[in-house]
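Participant: Sending over a structure as structure tokens; questions will come in a sec.
The values are calculated or read from the model by the stated rules, or taken from the named source; none is laboratory data. Treat the numbers as computed from the prediction; the structure is a model and nothing was measured. Cβ atoms come from the backbone with ideal geometry, glycine included; neighbour counts cover every protein chain shown. Accessible surface areas use protein heavy atoms only, side chains included; no ligands, DNA or RNA. Shrake-Rupley method; radii C 1.70, N 1.55, O 1.52, S 1.80 Å.
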Amino acid sequence: MLSIIICTLNEQYYLPKLLDSLSVQQDAPDFEVIVVDAGSEDETAKVALKYAESTPYPLHFEDFNHRGVARQRNHGAVLAQFDHLLFLDADVVLPVDFLQNAMAEIVAQSIQVAGTRIYAAETHRGYRVAYAVYSHTYLPLVRMFNPVIHGCSIFVTQKLHHRIGGFKEGITFEDFRYGQDAAAFVRPVLLKKSFVRTS
């Protein structure tokens, strides 16, 4: 049902936290994980390959060796086996019911593209307050005028991803542009019950 694409570049510290949070998802739909690496010079590849031997979900490590998160995401989409895609940054951590809640809402409402709220993974109160204000106040306000979704967690159908030509490569804020491109066909949704924690 769902292909999860994770782009990495020197993520040996953060990647295990994300993969661990995927391993404990409750009542999750069938999913695969594709790690697209841009030529990491640390132990990212070793970490991913080790997890590939033990995770309860299929994990494919792609030694893409080309930098640029848009290029990595687009390459991951080419490799994806399922009709629904989820693009995740390597430094996010998911609640245990993330996939269950997100996909239930997406399927029930036939949502083609969606983002989530984001909260701080760090325990420092300042970070937590800043992310909470951003997710509950600033983001909804901005979305009244601009269909912003953040690259750290984007759900999209394969059909729509290809229809808009994927992520635009060689630009900054490619995730914001992705939301704008998608809005030419259908307005991106902000999922009601789903969020990620990010560093």
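Participant: Working carefully through the options VAL142, VAL107, VAL92, find the one that is closer than 18 Å to ALA28 by Cβ and free of Cβ contacts under 8 Å to residues at least 24 places away in the same chain.
Facilitator: On the way: VAL142 fails: closer than 18 Å to ALA28 by Cβ; VAL92 fails: free of Cβ contacts under 8 Å to residues at least 24 places away in the same chain.
Just one listed residue meets the conditions, VAL107.
Participant: Select, from ASP42, ASP20, the only residue that is of a type outside the set (Phe, Trp, Tyr) and open to solvent by 50 Å² or more (accessible area, probe 1.4 Å).
Facilitator: After applying the criteria, what remains is ASP20.
Participant: Run down ASP63, ASP83 and say which single residue is acidic (Asp, Glu), under 16 Å from the mean Cα position of the chain (by Cα) and surrounded by fewer than 17 Cβ atoms within 10 Å (Cβ to Cβ).
Facilitator: None of the others qualify; the one that does is ASP83.
Participant: Next up: Go through the range 154-182 and give me each residue that's open to solvent by 40 Å² or more (accessible area, probe 1.4 Å), over 14 Å from the mean Cα position of the chain (by Cα) and more than 17 Å from GLN72 (Cβ to Cβ).
Facilitator: Listed by number, the residues that qualify are LYS159, ARG163, GLN180.
Participant: Given THR116, THR137, which one is part of a strand (DSSP E or B) and among the polar types (S, T, N, Q)?
Facilitator: Details: THR137 fails: part of a strand (DSSP E or B).
Only one candidate passes the filter, namely THR116.
Participant: Which condition breaks for VAL36 when tested against (1) closer than 20 Å to GLN112 by Cα; (2) surrounded by 14 or more Cβ atoms within 10 Å (Cβ to Cβ)?
Facilitator: Status for VAL36: all satisfied but (1).
Participant: Still on this structure, please answer the following. For GLU11, only one of the following conditions fails: (1) more than 14 Å from the chain's Cα centre (by Cα); (2) crowded, with 20+ Cβ neighbours inside 10 Å; (3) free of Cβ contacts under 8 Å to residues at least 60 places away in the same chain. What is its number?
Facilitator: Status for GLU11: all satisfied but (3).
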